[in-house]
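Accompanying notes for the structure given below.
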Amino acid sequence: MMRSLWTAATGMVAQQLNIDVLSNNLANVNTSGFKKSRAEFEDLMYQTMKIAGSATDGDNTIPVGIQVGMGVRPTAVHKFFSQGDFQNTGNALDIAIEGEGFFQVEVGDQLMYTRAGAFKLNQDGTIVTANGYVLQPEFAVPAETKSLSISETGRISALDANGDEIAGADLPLYTFINPAGLDARGRNLYVPSEASGDAEEGVPGTDNVGTLAQGFLEMSNVEVVDEMVTMIVGQRAYEMNSKAIQTSDSMLQTAVNLKR
């Protein structure tokens, strides 16, 4: 069989993964705190039929050998944690992170991390995510609270009618040496992995930790035009690989029809 059939097939499979990743990016274009991904590929092994530099008659060497590639395969789906645009909501429980850092939430008995800052109050007045996961450290807003203030450095203050603080806490942020290595679990949540390193707690606005912006949400960092252009390129690459399969099939058919 012609190796081009299998080589082109690997190209179609690779572009299918590429479109899958792009589709997920576009599907989450309005998801708060979402970070886009990019599929990355590498070429497969080569079949060497003539080695470059090997000796020939007359003490000469072959300047260029013959190597035929066997196709392509995916190597990674890289997630980019660049800053997304801010949306001004005016909601006191909406918090955007400007710079590096993640919020920590408790999911069952496990600590997870998120960039989505659309928080709510549960029946006890505790600050939670839309799925009910408690923001850490846990903070309950007293029933007599008239307003809630969150500073750039993470100070949460529940204020009474006179503007006096009746309850307060410090909200830290958590950073990772390699955030692209985090394990995405859906629901805007991540867990550390061996690749990401352990979470490092920090005070917002100090060292390399970002600051907080109350009344804002960080939106997805997906650029729709870039994704559409990349999708067009991926679609054409898929079509070209399918044409290579059709051409290989036509050549095989010609060989089969030599004797009738």
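The values are calculated or read from the model by the stated rules, or taken from the named source; none is laboratory data. Computed from a prediction, not measured in an experiment: that's the story for all the values here. Don't worry about glycine lacking a Cβ; one is built from the backbone with ideal geometry, like all the others, and counts go over all protein chains shown. Areas reflect the complete protein model, heavy atoms only, side chains present, ligands, DNA and RNA absent. Shrake-Rupley method; radii C 1.70, N 1.55, O 1.52, S 1.80 Å.
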Next item on the list: Starting from region 70-87, take each residue that is without any contact (Cβ under 8 Å) to a residue 60 or more places away in the chain and list its partners that are assigned to a strand (DSSP E or B) and open to solvent by 40 Å² or more (accessible area, probe 1.4 Å), counting only C-beta distances under 7 angstrom and pairs at least six apart or across chains.
Entry: THR75/GLU40; THR75/PHE41; THR75/GLU42; ALA76/GLU40
Notebook entry, point to check: So how many residues does region 37-52 have that are out of contact with any Leu (no Cβ under 8 Å at 6 or more places or on another chain), small (Gly, Ala, Ser) and at pLDDT 90 or above?
Noted result: 1
Note to self: Of everything in region 117-154, what is within 22 Å of the chain's Cα centre (by Cα) and part of a strand (DSSP E or B)? Give them in sequence order.
What the structure shows: ALA118
Item checked: Search result, residues across region 100-116 that are crowded, with 20+ Cβ neighbours inside 10 Å and assigned to a loop (DSSP other than H, G, I, E, B) -> GLY101, ARG115, ALA116
Next item on the list: List every residue pair whose Cβ atoms lie under 8 Å apart, where the two residues are 6 or more positions apart in sequence or sit on different chains, the first residue falls within region 32-48 and is touching a residue at least 60 places away in the same chain (Cβ under 8 Å), and the second residue, located anywhere, is open to solvent by 70 Å² or more (accessible area, probe 1.4 Å).
Entry: LYS36/GLU223
Notebook entry, point to check: Out of (1) closer than 24 Å to VAL107 by Cβ; (2) out of contact with any Pro (no Cβ under 8 Å at 6 or more places or on another chain), what's the single condition that is false for GLY205?
Noted result: (1)
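Residue by residue, here is whether (1) touching a Gly at 6+ places or on another chain (Cβ under 7 Å); (2) among the β-branched types (Val, Ile, Thr); (3) surrounded by 13 or more Cβ atoms within 10 Å (Cβ to Cβ) holds:
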position	(1), (2), (3)
TYR190	no, no, yes
SER196	yes, no, yes
ASP207	no, no, no
LEU212	yes, no, yes
PHE216	no, no, yes
VAL224	no, yes, no
MET228	no, no, no
MET231	no, no, yes
TYR238	no, no, yes
Check: Quick one: in region 1-41, which of the residues that are β-branched (Val, Ile, Thr) and within 22 Å of ASP183 (Cβ to Cβ) is surrounded by the fewest Cβ atoms within 10 Å (Cβ to Cβ)?
Finding: THR31
Check: Restricting attention to region 154-178, and to residues there that are of a type in the set (S, T, N, Q) and surrounded by 16 or more Cβ atoms within 10 Å (Cβ to Cβ), which single residue is nearest to TYR113 (Cα to Cα)?
Finding: THR175
